[in-house]
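The values are calculated or read from the model by the stated rules, or taken from the named source; none is laboratory data. Just so we're clear, the structure is a prediction, and the values are computed from it rather than from any experiment. Positions of Cβ are generated from backbone atoms using ideal geometry, with glycine treated the same way; all protein chains shown enter the neighbour counts.
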Amino acid sequence: MTDPLVAALTAKLDAYLADLATLVSIDSGGRSKGGVDAVNAWLADRLKTLGFTVEYDRQAVVGDNLLAIRPGRGRKKILLVGHSDIIYPLGTVARRPIVMQGNKLLGPGTCDMKAGLLAGLYAIEALLAAGFEDFGAIYYLSVSDEETHPRYSLPFIQTVSRQVDVAFSLEAARENGDIVVARKGLRWYTVNATGRAAHAGVEPEKGRSAIVALARQVDALTRLNNPQTGVTVNVGNFNGGAEPNVVADQATIRLDLRAFTQAELAAAMASIGALFSQPLDDVHFEVIPEPTAACPPMEHTPAVAELERLTQQLAESLGFSVKGAMTGGVSDASYVAAAGVPILDGLGPVGGLDHSPDEYIELDSIIPRTALLAKLIAAVSE
């Protein structure tokens, strides 16, 4: 016997696909405030028809953030979170409109993440059509700047997160169908080294090479990597010196630090600070955190593990299985988690190849993943 939610969503599939084509046709990339605002205005109109009240967190530089709230008869307040901006520069949508290739729907922003934004809408619509209102309230948050830096939406995300009990991110499921149960926290640093210049042929002994000293420290940084815990340190950029016949008095690196827990992140940050706290061979160091590239971890807490088990049970009831994945990438879910809210990520349709010309979602994943999201909303409400 077909699940009633699956049947209701199947009847709406053509409407979903038409809506997806509409959203993908709106060019909301490249810090296009107009495009992002247009996507959120479209979402707001639909949410209003479902009984939501709508408010905006107005922004001058990027698009406005959208928050819609619908009260119910129950107690649990549930947040659905996503973003309306895409990574591609303006004009990409016109060059690459949405297209179907077999079981795949390709187009800029299909996977990341307009299909997920729609899945949230259709899951809510299906529940309300079935008469389900046992949630305390559903919060639908669409932010405008997930793909860019600096992040203007973060204070609003944190404010909204403190009002809810549980959250689901509408980012796409992984290519293999996994949901995301943990994400690493992130820190970027610039490290400057200052030595002493000298003639490399005549009197090199009078110099103090910033390049050599910093290279030794880079080797020490690599030893902070821990495959068992998942702590990673990557030096992605190294510059220094001027000419081959000059002992370099300046050198700079930029590094990426990631860890799955706040404790591991803090310990690695302390190790980096200690490593550069003293001169090496008369070369001095300055460590500069890059605040626009910092994100808290989304930790795999007991509450998240319980949501993971619930999701797996509900997926089994729908005839498929899901696994929980831990990933090094960051998302808005990380900031929700930092407010102490248990959250699962990757509740949108299955997709992949984000940020590439071949970005896609799988057509046959739309119904089961949207039904799973609807069932999750219902289950945590009860």
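A few points about this structure:
- Residues within the stretch 268-283 that are surrounded by fewer than 16 Cβ atoms within 10 Å (Cβ to Cβ) and either of a type outside the set (D, E) or at pLDDT 95 or above (or both), tallied: 7
- Set D178, D219, D165: member being without any contact (Cβ under 8 Å) to a residue 12 or more places away in the chain and surrounded by fewer than 18 Cβ atoms within 10 Å (Cβ to Cβ): D219
- Identification of helices (runs of 4 or more DSSP H) wholly contained in the stretch 1-107 with 2 or more residues that are closer than 27 Å to A339 by Cβ yields 33-49.
- Every residue from the stretch 271-286 that is in a helix (DSSP H, G or I) and without any contact (Cβ under 8 Å) to a residue 60 or more places away in the chain: S271, G273, A274, L275
So that you can scan it fast, the table gives a plain yes or no per residue for (1) closer than 29 Å to L17 by Cα; (2) surrounded by 23 or more Cβ atoms within 10 Å (Cβ to Cβ):
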position	(1), (2)
H300	no, no
A303	no, no
A325	yes, no
G329	yes, no
D358	yes, no
L373	yes, yes
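- Total residues in the stretch 17-38, condition of a type in the set (V, I, T) and either under 19 Å from P349 (Cα atoms) or surrounded by fewer than 16 Cβ atoms within 10 Å (Cβ to Cβ) (or both): 2
- Residue that is buried (at least 22 other Cβ atoms within 10 Å of the Cβ), on the phi > 0 side of the Ramachandran plot and assigned by TED's automatic domain parsing to the domain that holds Y16, where the choices are G351, G340, G346: G346
- Hey, V231 among the hydrophobic types (A, V, I, L, M, F, W, C), in contact (Cβ under 8 Å) with a residue 12 or more places away in the chain and surrounded by 22 or more Cβ atoms within 10 Å (Cβ to Cβ) or not: no
- Within the stretch 112-129, residues that are touching a residue at least 40 places away in the same chain (Cβ under 8 Å) and assigned by TED's automatic domain parsing to the domain that holds I367 reach partners that are in a helix (DSSP H, G or I) and of a type in the set (G, A, S) with beta carbons closer than 7 Å, at six or more positions or on different chains, in the pairs A123/A374; A126/A8; A126/A374; L127/A374; L127/A378; A129/A8.
- Those residues of the stretch 229-254 which are more than 27 Å from the chain's Cα centre (by Cα) and among the aliphatic types (A, V, I, L, M), in sequence order: A242, V246, V247, A248, A251
- Of all residues in the stretch 329-379, exactly one satisfies the criterion of being part of a loop (DSSP other than H, G, I, E, B), of a type in the set (S, T, N, Q) and closer than 20 Å to R258 by Cα, namely S331.
- Candidates P89, P71, P97, filtered to the one that is modelled with pLDDT of 95 or more, surrounded by fewer than 16 Cβ atoms within 10 Å (Cβ to Cβ) and in contact with a Gly (Cβ under 9 Å, 6 or more places away or on another chain): P71
- Answer from G72, G91, G116 - the residue that is out of contact with any helix residue (DSSP H, G or I) (no Cβ under 6 Å at 6 or more places or on another chain) and within 21 Å of S334 (Cα to Cα): G116
- Among residues of the stretch 137-152 being surrounded by fewer than 24 Cβ atoms within 10 Å (Cβ to Cβ) and touching a helix residue (DSSP H, G or I) at 6+ places or on another chain (Cβ under 9 Å), the one that is nearest to L344 (Cα to Cα) is Y139.
- Criterion applied to A251, A200 was being surrounded by 14 or more Cβ atoms within 10 Å (Cβ to Cβ), touching an Asp or Glu at 6+ places or on another chain (Cβ under 9 Å) and on the phi < 0 side of the Ramachandran plot, and the one residue passing it is A200.
- Filter result for Q278 (over 22 Å from Q228 (Cα atoms) and of a type outside the set (A, V, I, L, M, F, W, C)): yes
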